[in-house]
């Protein structure tokens, strides 16, 4: 068991709930059994229409409940809730995550050792089959030359077995929002999530903005959590496709420096078109329409995004950011047949 470093900082584990009583019934007792000594557990409710709040009040009276007036999505929902939470560290935890007792201390130890570590994540294991890493976070997020996200241990749909191959804590490009540790003052320094993302990739934008001003994002190998994944939207879903493609465009436009933007963005538009054509050949016409809608939404919000782009500080060149992969993950995966992270020239 990891030992605390000096006085334990205050940690607030904050679960954002929307109609997730069944998840909290399964996994909230484990969160409350965490051994970390200076801990508050909070549920932020995003205007659930089930009996989540009544269930929490009846069964978990020690849990603080913060209720949002409407469903603001992941990004806006957390922004609203965290304005009301005082702590040294926030742990943003999905309701469909199972934890063991000593899952917090190793990550706090890691982050306390370096003032420049702003955010971190543990290892993500698939809760329904614990032989495997979990898709959404695996062993930490990376980004390729054209803004495609992947993970140590997960390239597109190929997820590796957990063979203790990721035992080194290290810098990554982004930490998964399903279990995101972040220093609370830094969350507020950069004004939290961009609520226009609503859901999906808002944590990548958050991490990139932190890296742009000189902070580090970390993977902590000494802690692991067990994520069901897809708790809100299934893997194949037009809304999820829309949000992922739209938010990818938002992400790149906001954060890429001008001297790196145009070539990468042009190639990305071509690759998005290829993805739409692939969905069409597979009979997934709703997914193709979702990609088209994503692009229209991006152009419709151009003026708003342009203001955000001008306001985003870009001090660090992309090539100098740990977790950035200068190659193309699409080319490596689909044309070169590379399915494991060890096959990439990172």
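Computed quantities for the displayed model
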item: Largest-first principal axis extents, alpha carbons of segment 188-271, Å; result: 40, 34, 24
item: Normalised contact order of segment 84-144, rounded percent, pairs of Cα under 8 Å and 6 or more residues apart; result: 20 percent
item: Computed lengthening from residue 306 to residue 49, 0.36 nm per intervening residue step minus Cα-Cα distance; result: 88.9 nm
item: Backbone N under 12 Å from the residue 222 label point (7 Å along Cα→Cβ), restricted to segment 86-111; result: 103-111
item: Length gained when the stretch residue 130-residue 284 is fully extended (0.36 nm per residue, less Cα-Cα span); result: 52.4 nm
item: Average Cα contact separation per residue, segment 238-317, under 8 Å, 6 or more apart, as relative contact order %; result: 49 percent
item: Ranked list, fewest to most other Cβ atoms within 10 Å of each Cβ, for 18, 285, 103; result: 285, 18, 103
item: For the chain, built as a Gaussian network whose Cα springs stay under 10 Å, the top-fluctuating residue of 161, 293, 57; result: 57
item: Calculated FRET efficiency for the pair residue 262/residue 25, C-beta based, R₀ 45 Å, to 0.05; result: 0.35
item: Whole-number percent relative contact order across the chain, with pairs defined as alpha carbons under 8 Å at least 6 apart; result: 19 percent
item: Extension reserve of the residue 33-residue 317 stretch, reckoned as 0.36 nm per residue once the Cα distance is removed; result: 98.0 nm
item: DSSP beta bridge pairing in the chain, given as percent antiparallel to the nearest 5; result: 45 percent
item: Whole-number D in µm²/s for the chain (Stokes-Einstein; Kirkwood sum over Cα pairs; 10 °C, 1.306 mPa s); result: 77 µm²/s
item: Most mobile of 51, 144, 96 in a GNM of the chain (Cα contacts under 10 Å); result: 51
item: Protection proxy ranking of 163-172, 80-89, 196-205, 274-283 - average other beta-carbon atoms within 10 Å, highest first; result: 196-205, 80-89, 163-172, 274-283
item: Gaussian network model of the chain, springs between alpha carbon atoms under 10 Å - residue of 237, 259, 17 with greatest fluctuation; result: 259
item: Sequence of 23, 174 once ranked by neighbouring C-beta atoms within 10 Å, starting from the fewest; result: 23, 174
item: Sorted by Cβ neighbour density within 10 Å, fewest at the top, the residues 313, 91; result: 313, 91
item: Estimated translational D of segment 238-317 in µm²/s (Stokes, Kirkwood radius over Cα pairs; 25 °C; 0.890 mPa s); result: 184 µm²/s
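Readers should treat all values here as calculations from the given coordinates under stated rules, not as data from a laboratory. Please read all numbers here as calculations on a predicted model, not as lab measurements. Because the Cβ atoms are built from the backbone with ideal geometry, glycine has one as well, and the counts that use them run over all protein chains shown.
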